[in-house]
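The values are calculated or read from the model by the stated rules, or taken from the named source; none is laboratory data. The model shown is predicted, which means the values in this text are computed figures rather than measured ones. Cβ: placed from backbone, ideal geometry, glycine included. Neighbour counts: every protein chain shown. SASA here: full protein model, heavy atoms, side chains in, ligands and nucleic acids out. Shrake-Rupley method; radii C 1.70, N 1.55, O 1.52, S 1.80 Å.
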Amino acid sequence: MTLRKRGQFKKSMKNIPILILLFLLGCGTLMAQPIRKSSYEQTLRAARQSFQNRNYVYALERYEEAYEEKEDRSLIDTIAWLNFQIRDYRRAERWFARILRRAEEGELNDYRFIYGQLLKMNESYDEAIAEFQAFLSHSSNDSLNTLARNEMAGAELAKELPQTMKGVVVENAGRDLNSKISEYSPVLASNGQELYFSTFDANDVIYVDEKNKDESYALIYKAMKDDNGWEKPKALGGEINRPEFHNTNVALSKDGRTMYFTRAQLEGNVLSESKIYFSTGGSEDWKGAEEAQGINGDYLAKHPAVGELFGKEVLFFVSDMPGGYGGFDIYYATKTGEGAFSDPVNLGDVINTVGDDETPYYRDGTLYFSSTGHPGLGGFDIFYSTWDGTRWSEPENMGRGYNTSVDDQSLTLDEEGYFGILASNRPEGRSAYGRTCCNDLYTVSIAKLYADLVTGLFTIGKDPLPGGTVYLIPTQDNKMGTPNAKTSEEGNRFDFDLELDMPYMVIATHPDYFPDTMQFNTVGLAESKTYQHFFYLKPKPKLPEYDTITIEEPIVLENILYDFDDDRIREEAESDLEVVYELMTEYPDMKVELSSHTDNRGNDQYNEDLSQRRAESARRWLVRKGISRERIEAKGYGENRPQTVNARAAALHGFLKEGAVLTKGFIDSLPNEEQQEIAHELNRRTEFKILEGPTTITIKSTRLRKKETTNPGPDRERLIGSEQPDTNKVHMLSSLYGKKDLRGLPVMKFKNRMVELGTVKKGEKRRFTYEFYNAGEGDLTISLISACDCTTIENDPTGDTFPPGYKGIIEAVFDSSEKDEAEEIDIDIFLEEADNEGIPIRETVQYRFDIKK
């Protein structure tokens, strides 16, 4: 590894002012002929010769070919560095990992620094932080330690920054401007319709020989913009583009009549000469270029930018002249005449760092520049600093959009400041080799009036809640549009750009919490606005893997239901009685009480008689199975023992508190019929408790949990003279439950809302379905289906409409790979249609499983 004289790594790709890819400068003799099968020794000789001639792509291919043949570990080092040189960061990361895999603690520490950079540029921020920490624990190089700490700060920043920028859209400028090789140093004329930038007269990897060596030099191009987009770029004439020089880094004076740019020479992969030139005349009549006076010297000068300081015109530029703070620093020089400037002045340590600080651009008191020494998301990030007349403010990272995990540089804006262009090698661009070798130009569009939403997920205890999903849904004309969904496994913040004059609904979901919604609109905004809303989600009841039954503790048999005014055991009830039978068989000394309870509506004596008959019916079922009658006490309590709310009921029903007793007075005090009906339903129950025998029993929690009824039948306790909502038509797991006015609405009826998967072997996948039909009066359109990561919806019916009476199927696949215990999973189904209060309808289905490891 080569170290720079100031202690900084010599990253060749970033030392070249035009950011030219090194393989474009290689020797063409080895590349002009087709590759033929060679011996190992010939392949290795070809690789070494190409490397010596700076033909890095060809050298890399030959080294990899040689490695595949003999797996010579001595080649890994060279292959790793070549991948890094041509900016193939993903492959470079894998090769550096191989090198460090066998290194002892403290060994190859310089490699660890580069490996940390690669992890960061591949967005593995936590892993990058760990590598930089390991590097720091064994490094005594102050400059590199400073850079490592900045890299760590940048990785932390990347984890915290919002994924989108307020009112800013950054898009690839397209094939009109971009080729497969790199484009550099864009600058917009003040009218925004005229663009200058540098590139090569080629559209793919350049294989240099005597016939095409001119293609290996960068030229300055101009492109004009009209209503149809950018016209084909044209190279400027010989007045600007001097043969056998790299002509790059354009800057324009404010009136557009003076151009500054650099002419550069390379020796191999090292920038050997770079000087700043100027030309006058304007867009249609550039004069012959002359070397600028006062700013060039026995050092490299590049990246000119016109600006103003202390009331005078200055030229900012970049140089590695002695006395700087790091690799390349930003300087300014005051203009004294046409093409003449005073002595350069370093901008100081607020702007300049031990890294590289480059591509300055000045606009109205603000300096934009790129840096590897300030905390950034990846390689070069774009920063800005403001000038107050005497000093520069602390540079601020421009954030995502402007910046990515790789290299982002050369921001330029038009006169209004709402349109700009930058250069970046982000992976989605066009690239001649790998995904990140080459720069593309990207347009920057800044909205004059914008709206955005910042929302966060928290627990009801106000702790951050990672792992959730937030849906932003336009709801124009009372219909739900296409959802914009964002999921964060590590964070709890979600940022959305908004359309103007649009109503929205926001749905916050989490696998372990009940969903919540909010609605707002952006109608009539006169100025930009950030909407902010925090969701405090209520946890779903956690299903324990085992229940412990204690002597004299009543246990509710949730599946024992009866038809109206009937004491016959329904088929659905037999599962709970089967559990009681199995326990009494396992514990022959056990004696139990089976008790039945009603709610407080109807005639007292009638309720007591009915509950007694039902308790005796349950006892007869067990006696027919062979259990001695003397071991079972059947007791009907009627309405005399109202239920005491347990933890599970309180978790399921937020308006109830654990320990509350559901007396008539308590129920009558509840604010609405929906809550009152839930309380009555909890009072209507069948219980069993151990009277004699074992003091405690532990059983699987799922054995006594409520199952979905296949054929629901009438309401459990439609008692004489009582009036209750029709809960048969609307299930408790529907947001329509308890609502009286269902006119014109869709009602989603499921054959089974709960699917029992039984025991699933860890790693196994189970496929199951939910059959439904529209039992309402209006069309039913599924807008979105929200489920945990372990659940996949297949043949997704999202967007499908089901008129009244029509049937549908939701197909789901459960992946048990990440599950270790029994669990109950919710799947939330949101409809486009809203209820008569304007709130979108939500339906919930569930499935349950045990895990066998």
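Before moving on, here are some points about what is shown:
- Within this structure, ASP796 fails the test of being open to solvent by 10 Å² or more (accessible area, probe 1.4 Å) and in contact (Cβ under 8 Å) with a residue 40 or more places away in the chain.
- First in segment 221-234 and touching a residue at least 60 places away in the same chain (Cβ under 8 Å), second anywhere and open to solvent by 100 Å² or more (accessible area, probe 1.4 Å) and part of a strand (DSSP E or B), Cβ under 9 Å, 6 or more apart: LYS222/LYS234
- Residues in segment 797-853 that are among the basic types (Lys, Arg), under 26 Å from the mean Cα position of the chain (by Cα) and part of a strand (DSSP E or B): ARG842 alone.
- Selection of first residues in segment 731-750 that are over 13 Å from GLU833 (Cα atoms) and of second residues that are open to solvent by 60 Å² or more (accessible area, probe 1.4 Å), restricted to Cβ pairs under 6 Å at least 6 apart or on distinct chains, gives the following pairs, ordered by first then second residue: GLY738/GLU674; ASP741/ASN836; LYS749/TYR773.
- Strands (runs of 3 or more DSSP E) completely within segment 453-538 that count 2 or more residues being of a type in the set (A, V, I, L, M, F, W, C) and open to solvent by less than 60 Å² (accessible area, probe 1.4 Å): 468-474, 493-498, 503-510, 513-521, 529-537
- Condition check for GLU68: modelled with pLDDT under 90 and either open to solvent by 30 Å² or more (accessible area, probe 1.4 Å) or part of a helix (DSSP H, G or I) (or both): yes
- Selected residue (criterion: modelled with the lowest pLDDT) from residues of segment 33-59 that are assigned to a loop (DSSP other than H, G, I, E, B) and within 22 Å of CYS437 (Cα to Cα): ARG54
- Check on SER816, at pLDDT below 90, among the polar types (S, T, N, Q) and over 18 Å from VAL730 (Cβ atoms): no
- Only one of the listed residues (ARG614, ARG601) is within 21 Å of GLU681 (Cα to Cα), outside any helix (DSSP H, G or I) and either of a type outside the set (S, T, N, Q) or open to solvent by less than 60 Å² (accessible area, probe 1.4 Å) (or both). That residue is ARG601.
- Residues in segment 735-787 that are among the β-branched types (Val, Ile, Thr) and under 27 Å from GLU681 (Cβ atoms): VAL747, VAL755.
- Output for segment 275-298, where each listed residue is in contact with a Ser or Thr (Cβ under 6 Å, 6 or more places away or on another chain) and open to solvent by 50 Å² or more (accessible area, probe 1.4 Å): LYS287
- Any hit, segment 291-303, residues being within 22 Å of LEU441 (Cβ to Cβ) and of a type in the set (Lys, Arg): yes
- SER272 loosely packed, with under 14 Cβ neighbours inside 10 Å and part of a strand (DSSP E or B): yes
- In the condition set (1) open to solvent by 30 Å² or more (accessible area, probe 1.4 Å); (2) within 30 Å of GLY237 (Cβ to Cβ), GLU194 is compliant with all but (1).
- Answer residue from segment 580-597, given it is open to solvent by 10 Å² or more (accessible area, probe 1.4 Å) and touching a helix residue (DSSP H, G or I) at 6+ places or on another chain (Cβ under 7 Å) and is modelled with the lowest pLDDT among those: TYR581
- Residues that are more than 17 Å from TYR806 (Cβ to Cβ), open to solvent by 50 Å² or more (accessible area, probe 1.4 Å) and modelled with pLDDT of 90 or more number at least 1 in the following strands (runs of 3 or more DSSP E) confined to segment 710-781: 754-761, 765-774.
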